[in-house]
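Working notes, structure below.
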Amino acid sequence: MIEQTTLTNRVAINSSTFITISPQHTYNLEVWEYADDGTKLHRMGRMDYKFRRDTFAGFLYRLFPDIDFIKIHALQKQINPFFRF
């Protein structure tokens, strides 16, 4: 598990949720949200993006049913530079 104090590579989804990228870890993509009070972090999900990036759209859609594919594509364009494919 990634320590909450060492979250560095972030991609914002909206004002209260973001994605962290850690290419050196097995689960190298995690989705985090701020809890109700706005100070506590909660991990919503994680995945191995490097080898399972073709399932990324379905992964995000399960977490955010109202997200559209244009937003998912824009997120992937921000995430891909962190990995060597």
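The values are calculated or read from the model by the stated rules, or taken from the named source; none is laboratory data. Worth saying up front: this structure is predicted, and the values here are computed from it rather than measured. All Cβ positions, glycine included, derive from the backbone under ideal geometry; neighbour counts span all protein chains shown. We work out accessible area using only protein heavy atoms, side chains counted, and drop any ligands, DNA or RNA first. Shrake-Rupley method; radii C 1.70, N 1.55, O 1.52, S 1.80 Å.
Could you grab me the full set of residues in segment 72-85 that are closer than 18 Å to Arg10 by Cβ and either assigned to a loop (DSSP other than H, G, I, E, B) or over 13 Å from the mean Cα position of the chain (by Cα) (or both)?
Result: Pro81, Phe83.
Just for segment 1-20: of the residues that are surrounded by 15 or more Cβ atoms within 10 Å (Cβ to Cβ) and β-branched (Val, Ile, Thr), which one is modelled with the lowest pLDDT?
My answer is Ile2.
In this structure, is Arg62 open to solvent by 50 Å² or more (accessible area, probe 1.4 Å) and in contact with a helix residue (DSSP H, G or I) (Cβ under 9 Å, 6 or more places away or on another chain)?
When the stated conditions are applied, Arg62 does not pass them.
Could you tell me whether any residue of segment 45-64 is assigned to a strand (DSSP E or B), at pLDDT 95 or above and of a type in the set (D, E, K, R)?
Among the residues of segment 45-64, at least one is assigned to a strand (DSSP E or B), at pLDDT 95 or above and of a type in the set (D, E, K, R), which makes the answer yes.
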